[in-house]
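Working notes, structure below.
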Amino acid sequence: MARPKKTDRAPKAIASTQSLSAFVKGVCDVMRRSNCASALQYVPELTWILFLRILDAQEVRDQEKAEAVGASFTRALRAPCRWQDWAAPWSDKPEHPKTPEGKPFGWKRQELFAGGDGRLFDFINKELLPHLHSLDVDPRTNLPMPGATPKQRIIGRTMTAVERVRVDSETNLRDILDKVHEISVDHIDDQHFFTLSQVYEDLLLKMGEKNSDGGQFFTPREVIRAMVHTVDPQLGQTVYDPCCGTGGFLAIAYEHINRKLGAQARSTDIDTLKHDTFFGREKENLVFPIALANLVLHGIDQPNLWHGNSLTRRATYGALFDKAPKQFDVILTNPPFGGKEGKDAQKNFAFETSATQVLFVQDILAELALGGTCAIVLDEGLLFRTNESAFVETKRKLVDECELWAILSLPGGVFSTAGAGVKTNLLFFTKGRKTKRIWYYDLSQVKVGKKTPLTLAHFGFAPDGSVLDDVALPAALVADWQADEANAGKPFPSYARQLARRGTPEAESRWSWTVDFAARRAKAREEMQPLLDGAAKLKAEVVDLKEQLKRLKKEKAADHVLEAHDARIREKDKAVRDLEAQAAAIDAAVFDLKAVNPNAVTTVDDRTPAEIIASIDAQGRIVAQALARLNALLASDESTTEVQGEVQP
């Protein structure tokens, strides 16, 4: 029997997208040759393995912090179910890390290896997984395990879907464990990487590129950060995401509030933040445990997540959501675009439609508390569509019940790297005040792609939410502005800088403007009124005509007289419908909220046709002259080669 590898390598630092992708690819390559051919198989397998690895590293760190200040610390897992016992690489070197009991990391793994093939699988499938499942539910009674801590309950729920190891070779499993062990919570740059969610999104990105089984996409983290900085959630507020995915919005909101509390935060504030602040719902079976794991590993000890369909309210697992309020102070979300919902979801809403994002907006309006603020990603189609009643009425309800105070137009392609090339916008609104003015900012001129993603600096925010100085802004963002002599000495009007000036004349710029929505509605009503008055007058005439028709029928008037009278009624009815349709079109146009920049700089070619033809002719002569010179050079080279060939002996 081969002796297991001894290793004392330090955990690998993940400091770039490339190194993260290389890590994911390396693990997945092993899984693909080990009975996990598709992503639907290896994503869950990688999730629970990585979760237990990071959980163990986090608990080691937290115990060291507690001991440093003389505080007690109780681990969620005990030997031999900790990663450091059964999964970590083993070594007999004196400097190899030790467990709290004084045993070398990997002691259980070494013991199982010495016992022969199959022992590692037996331990995981028959001891480890049943124990982890029992942290949430007592297998004897099928009831919640009494005395379980919130973290233990979440660990159990996270592991519920894992029935056994899918990897079919212990050699390959040990290779996977070795690779995953190289990841450390202390070696992940939180500005860019979010342990589980980032790994999962990286996998989905690869699946989307190959048109395989990754149909979902997730919100770029820098977009989330810009949304969180804009809304600025505070301690004491409840934060909610009705379609939370891997928990990115909640995780970043936690970091935002925690950073503002600082190192001297009171224990009661920390307890509130970790247990009573963050709430979410998620439908997908594959994603829900990843969201739980991701939030726990971020430090949210009690993620109040609900597993089920937010729109039908059909729960799969709701035990963690029992303390959730009926309404929330802050909602941060990115509902699915282009989804289609059935009647079981539509019947729950006033304005029925199959469009998933429209139903989510109605759901959010019901769940947002009075005075609460929402930041939401919406597709361009929802903003400009006025040809379907549910779209128009949902937007009418939004602007009537809330102050829609900002719309940020994102560049095309922000979501394309995750499989969704939809043009998107960020909307910000506060419930309780009717919309009077909407401030817009246009970022659509920014060119983004896989190698040039949208960053927080494009929004003008520093990592801590402060406004960046011009020298820290992306060069491509400010190049045109700085090239204009008229802007010399003026600060660049970034989104973050202009946002702080919202409501003042200084908020207007080449990329930002304000729409007087109240005036737009008033103008529309003014234009509609003559049409509605005309329709009302015709309706009154129709009523009189119908009374006359009744009388004529009683008097047994001739058929041609009745037919002529009926035709006049139909004609006026049609005229009424036409007038009402014109008025409705004017009204619906009010709710076209698409960002159309009135300050956009456009270059107009004002040359005459003759001048354009002359320019083409001049360019043609330049090309002809260049070709002539190239032909001359080629002819010269050929003649030189021939002469050299003749003089050779």
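The values are calculated or read from the model by the stated rules, or taken from the named source; none is laboratory data. Worth saying up front: this structure is predicted, and the values here are computed from it rather than measured. Every residue, glycine as well, gets a Cβ built from its backbone with ideal geometry; the counts of neighbours run over all protein chains shown. Accessible surface areas use protein heavy atoms only, side chains included; no ligands, DNA or RNA. Shrake-Rupley method; radii C 1.70, N 1.55, O 1.52, S 1.80 Å.
Of note:
- Rounded to the nearest whole angstrom, the semi-axes of the ellipsoid equivalent to the stretch 215-319, taken from the Cα gyration tensor as √(5λ), stand at 24, 16, 11, largest first.
- Accessible surface ranking that places the most exposed of TRP107, TRP513 first, with a 1.4 angstrom probe: TRP107, TRP513
- For the stretch 128-181, applying the loop criterion from DSSP together with a ceiling of 16 other beta carbons within 10 Å to the trypsin sites (Lys or Arg not before Pro) yields ARG140, ARG164, ARG166.
- Between LYS434 and GLU127, the simple label model (points 7 Å from Cα in the Cβ direction) yields a spacing of 7.0 nm.
- Accessible area (Å², 1.4 Å probe, nearest 10) - ILE252: 10 Å²
- Taking only protein heavy atoms and a 1.4 Å probe, the accessible area of the stretch 107-174 is 50% carbon and sulfur.
- Qualifying trypsin sites (Lys or Arg not before Pro) for the stretch 266-296 [loop in DSSP, other Cβ within 10 Å: at most 16]: ARG266
- Sorting LYS326, LYS450 by accessible area puts them as LYS326, LYS450; the probe is 1.4 Å, largest comes first, and only protein heavy atoms count.
- Only protein atoms count toward the accessible area here, which uses a 1.4 Å probe; on the stretch 431-524, the carbon and sulfur part of that area reaches 54 percent.
- Å³ per residue enclosed by the Cα convex hull of the chain: 332 Å³
- Note on ARG570: accessible area is roughly 140 Å² with a 1.4 Å probe, heavy atoms of protein only.
- Reduced Cα scattering model of the stretch 276-326, Debye log10 I(q)/I(0), q = 0.26, 0.30 Å⁻¹: -1.03, -1.25
- Size of charge dipole - the chain - debye, nearest 20, with Cβ of Lys, Arg +1 and Asp, Glu -1, no other charges: 1780 debye
- Solvent-accessible surface of the chain, taken per residue with a 1.4 Å probe and all protein chains present: 49 Å².
- The equivalent ellipsoid that matches the C-alpha gyration tensor of the stretch 524-585 spans semi-axes of 30, 10, 5 angstrom, in descending order.
- Over the stretch 361-502, Cα pairs under 8 Å with separation of 6+ residues give a relative contact order of 22 percent.
- DSSP-loop GluC sites (Glu not before Pro) across the stretch 17-105, with at most 11 other Cβ within 10 angstrom: GLU95, GLU101
- Each of VAL358, PRO144, PHE321 was placed along the dipole of the chain (beta-carbon charges, centred on the mean Cα), and the one lying farthest toward the positive end is PRO144.
- Distances between every pair of Cα atoms in the stretch 71-110, grouped in 5 Å steps from 0 to the bin holding the largest one, split as 6, 28, 30, 20, 10, 6, 1 percent.
- Rg/Rh (Cα only; Kirkwood hydrodynamic radius) as it applies to the stretch 384-505: 1.02
- Relative intensity, log₁₀ I(q)/I(0), of the stretch 32-177 from a Debye sum that treats every alpha carbon as a point, q = 0.13, 0.19 Å⁻¹: -0.64, -1.26
- Percent of beta bridges antiparallel (DSSP, the chain, rounded to nearest 5): 60 percent
- Accessible area of the stretch 270-420 belonging to carbon and sulfur atoms, whole % at 1.4 Å probe: 48 percent
- A simple spin-label model places the labels of SER169 and GLU485 7.0 nm from each other, with each point 7 Å out along Cα-to-Cβ.
- The listed residues MET227, MET528, once ranked by accessible area (1.4 Å probe) with the largest placed first, stand as MET528, MET227.
- In this simple spin-label model, placing a label point 7 Å from the Cα along the Cα-to-Cβ direction at both ILE586 and LEU630 gives a separation of 6.2 nm.
- Helical mean residue ellipticity (222 nm; -39500 (n - 2.57) per DSSP H run of 4+; nearest 500) of the chain: -15500 deg cm²/dmol
- Across the alpha-carbon atoms of the stretch 322-367, the computed radius of gyration and Dmax are 11.6, 32 angstrom.
- The stretch between ALA114 and SER466 holds 121.1 nm of extra length on full extension. This uses 0.36 nm per residue minus the Cα-Cα distance.
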